[in-house]
Structures are given as C-alpha cells and as structure tokens.
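Enquirer: This is the structure I have questions about; it appears just below.
The values are calculated or read from the model by the stated rules, or taken from the named source; none is laboratory data. These numbers come from a predicted model, not from an experiment. Every residue, glycine as well, gets a Cβ built from its backbone with ideal geometry; the counts of neighbours run over all protein chains shown.
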Amino acid sequence: MFDREFRRKKDLLWLLTRKEITLKYKRTVLGILWSLLNPLLFAIVLVIAFKIFMRIKMENYTFFFLSALFPWNWFSASVTMSTGTLIGNVSLIKKIRFPRHFLVLSTILAQLVNLIFALPIIIGFSYFSGKGPGVNWLITIPILIVAQFIVTAGICLAISMVNAYFRDMEYIIGIVISLLFWMTPIVYPLKIIPETYQIYLVLNPLTYLITAWREIFMSNYIDWRSIGICYGSSLVFLLLGILVFQRLGKRLDEVI
Amino acid sequence: MNDALEIEDVWKKFPMRRDRPGFKEFLLNLPKFVNRNYNSNFWALKGVSFKVKQGECLGIIGKNGAGKSTLLSLILGTIYPTKGEIKVSQKITPLLELGAGFHPDLTGRENIIINGVLLGLTKDEVMERMEDIVAFSEIKEFIDMPVRTYSSGMYLRLAFSVAINTDPELLLIDEILSVGDESFQKKSKDALIGLIKEGVTTILASHNLAAIKDVCNRVIWLDKGEIRAEGEPEKVVEEYLRCSG
C-alpha cells in the first residue's frame, strides 16, 4: 500500500512535469528541438559578440560565461515561472485534492530540461579547451543539480504562494532577478570584486553554486568546499520555503 | 455500517474583501486599512453537523449561496473549517467542476491519464482502464484531439468516465451532471446507482430535485449556512418546494 502510494506520487510528479514540457512547445513546428537549438544558437551569438564586437581580454570568455549562464538560466526561469504556478491552476487547486507543491516542483523540473539540452554545448567547449570532460563530471553534475533543485524549490515554493496573496510580487521578482544576476559571479569572476564587497556575494546562495558549476565545467575540478556550502544554504532555503508554503497555504482558496 | 464521514459543528467564515484599493487611496486611508474591522466577514456555514454512513447516498439541496459548494470543498479538504471538525475515513473522489484539471491543449487521452492519477490511481492502473473509460464516455473518435475542441457535454462525459473508473469510495458531486444530454444523464444516473449499490458513498449537491429523489437515500436542506431539514428525500424535497415556491 505504501509502495503504491509512492509510485502514484512519482507518476503524478512525472506527468505534471511532462505536461509542462509538452505544453511549452505544443503549437510550434520544431517542438522540443527548440530546447536543443536555443542554447546552440545563443552560444553562436555570444561567440560572434565576444570575438568581434566586444573583445574581452580573458581567455575563453564565451565558455567562461556560458558555464555559469546555463545553470543560472535554470534558476531564473524557474523562479520567474513559479510566480504563476499557483494562480494559474485555480480549478485544480480548488476542485481536486493533491499535493499542491507538486505544481511548483514540476515547474522547476520542466525547466531543467533546458539545462540538460545545453550540456552538449558545454561539453563541446570543454573538449576544445582541452581540460575535460572527465569522470568528475559524472559525480558532480548530479550533485549540483540536486543542490540547485533544493535551493530553487525553497525559493519557488515561497514565491508562488506569496504571489497568490500579493500579486505585486511578480513584478518585484523581475527586478530582484536582474539584481541577483549581477550580484552573482556570472559575467565576471568572483576575484575581481573588492574584498570589502565580497561578503555580500557570499550571502547569495547562488555564488557558491555557480562557482562550483564553473569549476567542474572549465577545470574538471570538484569544488567540495563550495558544494558543501551550497547544501548548507540550500537546506535553509528549502525549510523556509516549506514553512511559508504551509502557513499561507491554509487560506489559499480565499485569494485565488 | 461504519461512518464514512463525520461533520461536527462546522463553521466557515470568508473575509469579504473589498476590491483592492489603488495605491493612492491606500496611502490616504492608511489608518482605516490597518483597522481589522475594515474587512467584514461572511459566514458561509454556521454550525453544521451530520454523519454519512458508508454506502449511503446523501443529497444536499438549497438555494444558491446556501453553502452547498463550501460544504463539499470542506469535505474534500481544499479549504479548512474556521471552527469544528471533519472526519473522513474513505478516499474522496471529487466531481465538483466540469473537467477540473483538464488542460485544453492536451488530448482527451492525455487528460485521462493526468486526471486519473490526480484522482488516486497510478499511471499503470489508468492505462489498464483506458479502454473502459473511453468506451463509457462514448467519444472514442475525438479522444486523440485536444479537449479545447470538445463541447461541454463531451467534457462532462470524459470527466465523469474518469471519475467513476478510479475506484471511488466517497464520491462528491456538485451539480455538473445536468450538463449532459438525456441519454448520458440516464447513463450516468444508472452508473451512479450501480456504484451506490456496490457500496460507494455518494454526496450529491444539486438543484435537480427529481434526480435527488431518484438516487438519494437521505437529503439535507441547507439554508443560509444552516441545516433547515434532514431526512427522507420525498419529505425534505416537498418541504423545500413549499417554502421556496
């Protein structure tokens, strides 16, 4: 009986995720191929930009940028989408009883597809840089995906619920996400920040996450220290997210 | 027989929020908004208590706004009572809204799978029953088309077929059955009676008094959030008609 209930939950999460993915490309011609094409075309654009127009004096800058950007995109897309997750499923929430947090989790999982489809690009860059890909990737990528999933889940749970009560949240999130983008070492390396300001970056849970992603992609190095810190802060965020989601969830029906 | 459902002195309050004021009004009237009394309350249910035995079919009647849907949502557990207690000892299968959880861009088949799992089956179990569900709905030729192309009758057929094929124990039905055409209404009524005979507990809120008299063993009349009368379908319906006629 317990086993059956577990399988049902697994099926439900998978079906909701697949629904998100199918719906995203439902009426397009290329369909899910876009998830593969998008990062590829984006990489080509960056190569053109950085080789011709904005020549940055850093070795392999396109790779440097993309190795952080693709994981970041998973985060930012999930957070942005999560504002509409609960308020966009009113009839489901009001008329059927099921674990509501699955809606949020499936949104995040559906966005993960883009990161996975971007991996071939990363592998290509890594191959040409001569440092990877290596066996370390197989260990680190799943570990980092889980860490990022946990922190994203915490944040998205809270945001999706708060946005049901306070719809201004959606617009605030748009601004906060772009602030966070520049506060995370994505376009620049952590070390160019003056030391007095580094403390602020360290408070940002994504700093270590992105650092760890970049270490494995660019140097084939497992940055255990960053990974450890990631897990610590991820769990804090998850707990806070669950707390907010449960507390406010009791009166969700009154506001959606 | 055991109780499938026990409702004890349940009260439900909804805050009557005025429409959210603009930012300027908000600033100008700040003291008024801070005052908690600004938002008045509406009591949708005022101390409702009753029990439902396993295998019983309970009808709920009453005017619009009497609290029928609130009561069903409380039993389902998508909203919580302000006061009082609700004990449910069976798996609930809701049929509260036409195709709740259906996505218009997905096909009938895809929606059957998702809805079946939402209503308590595993995916494998839904696949086993797929043929039965499609057959009962009688819309085989449209089953692989997106449901946005369906008529409301087809929506109902699909939603009802899924719901009764998920091994319901306690079925909650809010009105919707009246959407289908004559033949499907009869078919769904027969299916419902069959389920009740097999021992499925049913709670049916409806304005269709004839259907209530046909299928229910007991009827509750809700009036402004309180139970006005309870008992034999014939008697309660007659009393209801006399008072509202």
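Enquirer: (1) of a type in the set (Gly, Ala, Ser); (2) surrounded by 14 or more Cβ atoms within 10 Å (Cβ to Cβ); (3) under 25 Å from B:LYS63 (Cα atoms): which one isn't true of B:SER152, the others all being true?
Expert: (2)
Enquirer: Here is a further query. Do we have A:ILE52 as more than 12 Å from chain B (Cβ to nearest Cβ) and loosely packed, with under 14 Cβ neighbours inside 10 Å here?
Expert: Yes; evaluated as a whole, the condition is true for this residue.
Enquirer: Related question: Kindly check whether there is at least one residue in region B:134-146 that is in contact (Cβ under 8 Å) with a residue 24 or more places away in the chain, among the acidic types (Asp, Glu) and more than 17 Å from A:LYS19 (Cα to Cα).
Expert: yes
Enquirer: Right, B:GLY199: loosely packed, with under 15 Cβ neighbours inside 10 Å, part of a loop (DSSP other than H, G, I, E, B) and not charged (D, E, K, R) or not?
Expert: Against the criterion (loosely packed, with under 15 Cβ neighbours inside 10 Å, part of a loop (DSSP other than H, G, I, E, B) and not charged (D, E, K, R)), B:GLY199 qualifies.
Enquirer: Look through region B:93-112, keep the residues that are of a type in the set (A, V, I, L, M, F, W, C) and surrounded by fewer than 22 Cβ atoms within 10 Å (Cβ to Cβ), and return whichever of them is farthest from the chain's Cα centre (by Cα).
Expert: B:LEU106
Enquirer: Just one of the numbered conditions (1) farther than 21 Å from B:PRO233 by Cβ; (2) within 14 Å of chain A (Cβ to nearest Cβ); (3) modelled with pLDDT of 90 or more is not true of B:LYS87; which one?
Expert: (2)
Enquirer: What do you reckon, is A:LEU86 outside any helix (DSSP H, G or I) and buried (at least 20 other Cβ atoms within 10 Å of the Cβ)?
Expert: yes
Enquirer: If you check A:LEU69, A:LEU36, which single one turns out to be surrounded by fewer than 20 Cβ atoms within 10 Å (Cβ to Cβ), farther than 24 Å from A:PHE166 by Cα, within 21 Å of the chain's Cα centre (by Cα) and touching a residue at least 60 places away in the same chain (Cβ under 8 Å)?
Expert: A:LEU36
Enquirer: Follow-up question, since we're still on this one. Test of understanding: among A:LYS10, A:LYS26, which residue is surrounded by fewer than 20 Cβ atoms within 10 Å (Cβ to Cβ), within 11 Å of chain B (Cβ to nearest Cβ), not in a helix (DSSP H, G or I) and not acidic (Asp, Glu)?
Expert: None of the others qualify; the one that does is A:LYS26.
Enquirer: Among the residues of region A:63-80, are any aliphatic (A, V, I, L, M), within 11 Å of another protein chain (Cβ to nearest Cβ) and closer than 23 Å to A:ILE159 by Cβ?
Expert: No - not one qualifying residue is present in region A:63-80.
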